[in-house]
Amino acid sequence: MTDNEILSIVKADLQISASQLDEYLKKLIGLAKAAIQDEGIVFEMTENTTEETPDYTVQDGMLIEMYVAHLYRKRRETENAMPRMLRFELNNRLFRQKGRKS
């Protein structure tokens, strides 16, 4: 999944059809990727990846999308806690990757 594909899925998830928020959502995609990597998760890329256009696996693309949707919703809601589904996915991904390295 490229960043543009992730952006399309984020917009569908958040029910945004206009393009006025695209630049903001692109910044949130960058922030989400950095936050996920800060947790120790290494993204897996597909064979189509180039330096200019990273192409993430579907699993990583959807993880990024979930994190972006959380960041977007977090600014509007009084409940700021990370959804359990997202926390579980981050933990499971990290444990799987650490388990492979042993």
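The values are calculated or read from the model by the stated rules, or taken from the named source; none is laboratory data. What you see is a predicted model, and the numbers here were worked out from it, not measured in a lab. For neighbour counting, all protein chains shown are included, and Cβ atoms are generated from backbone atoms with ideal geometry for every residue, glycine included. These accessible areas exclude ligands, DNA and RNA; they are computed on the full protein's heavy atoms, side chains included. Shrake-Rupley method; radii C 1.70, N 1.55, O 1.52, S 1.80 Å.
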How large is ³J(HN,Hα) for each residue in the stretch 25-36, as worked out from phi by the Karplus curve 6.51 cos²θ - 1.76 cosθ + 1.60 (θ = phi - 60°), to whole Hz, x for Gly and Pro? 5, 5, 5, 5, 4, x, 5, 5, 4, 5, 5, 5
Cα coordinate range in the chain, projected on the principal axes (Å, largest first): 45, 34, 18
List the lysines whose Cα sits under 28 Å from the Cα of Lys98, skipping any in the same chain fewer than 8 residues away. Lys33
For the chain, with +1 on Lys and Arg beta carbons and -1 on Asp and Glu, the positive-most of Tyr67, Ser19, Gly30 along the dipole: Tyr67
Please list the non-local residues whose amide H lies under 5 Å from the amide H of Asp55, H modeled 1.01 Å from N, same-chain partners needing a gap of 5 or more. Thr46, Thr49, Thr50
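What accessible area per residue, rounded to a whole number of Å², is obtained for the chain using a probe radius of 1.4 Å? Intermediate results must be reported in sequence, preceding the final value.
Numbers: 6600 Å² over 102 residues.
Here the per-residue accessible area is 65 Å².
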